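What follows is one structure encoded as structure tokens, with my remarks underneath.
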Amino acid sequence: MAPGTARGETVDTEDRRSYVLTLSTREQHIRRAEASSNVCTNQTLVAVAAAIHLSWLGPAGLRELALRCARGARYAREQLLRIPGVEPAIEAPTLYEAPVRVPRPARLVLERLAEAGYLGGVPVGEDYPELGESILVTVTETRRREEIDDFAAAFEKAVR
């Protein structure tokens, strides 16, 4: 199945079980030679998926999700700032991200993290030169403390 595709079950006109693709982008079913555009996304699909997820979470679940993300990002920031040479890129409070300045070129650090199996973040100094060699690290609700600790250990090796 292609990303963004959900399978559904129905019956055909002769009451036989049939399977259909639902909530998929139209472009997924066009042969490349016949396609008139290379756009393979659908904003409505994303909006419907987000609405389904939010209704499933409910207000209390959404609050808990946000708190888990914020706690994870704060914990990651604390762990990264314990590494010699790693400093806060900004002093302003953040919610879901940890922008940190690194003692090596950010691209080099990210390459080393990739070699260790981590998508390490985004080099923000390229767009915001005043931040210098900085990386924006983000943590989602799917990460446990042990995983963040493992990432911090890999990050420490990457900045040496």
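Quick notes on this one:
- Part-to-part distance (alpha-carbon centres) for segment 95-160 and segment 53-88, which is given in Å: 15 Å
- Coupling constants for segment 52-58 follow from the phi torsions by the Karplus curve (6.51 cos²θ - 1.76 cosθ + 1.60, θ = phi - 60°), and in residue order they are 4, 4, 5, 5, 5, 5, x Hz; glycine and proline get x.
- FRET E, pair TYR19, GLU146, Förster distance 25 Å, beta-carbon r, rounded to 0.05: 0.05
- Two-decimal log10 I(q)/I(0) for segment 59-159, as the Debye equation yields it once each C-alpha is a single scatterer, q = 0.15, 0.17, 0.20, 0.22 Å⁻¹: -0.56, -0.71, -0.95, -1.13
- Amide H contacts of ALA89 (H built 1.01 Å from N, under 5 Å, at least 5 apart or other chain): VAL100, ARG101
- For GLU97, residues with placed amide H under 5 Å, excluding near neighbours: none
- DSSP-assigned coil residues among GluC sites (Glu not before Pro) in segment 83-131, each with at most 11 further Cβ atoms within 10 Å: GLU91
- Shape category assigned to segment 95-147 from the gyration tensor of Cα positions, a/c cut at 1.5: oblate
- Close amide H partners of VAL124, meaning residues 5 or more places away or on another chain with modelled amide H under 5 Å apart, are SER134, ILE135, LEU136.
Any read-out appearing in this document is the output of simple, stated calculations on the displayed coordinates, not a laboratory observation. This structure is a prediction, so every number in the text was calculated from the model and none was measured. Using ideal geometry, Cβ is built from the backbone for each residue, glycine included, and neighbour counts are taken over all protein chains shown.
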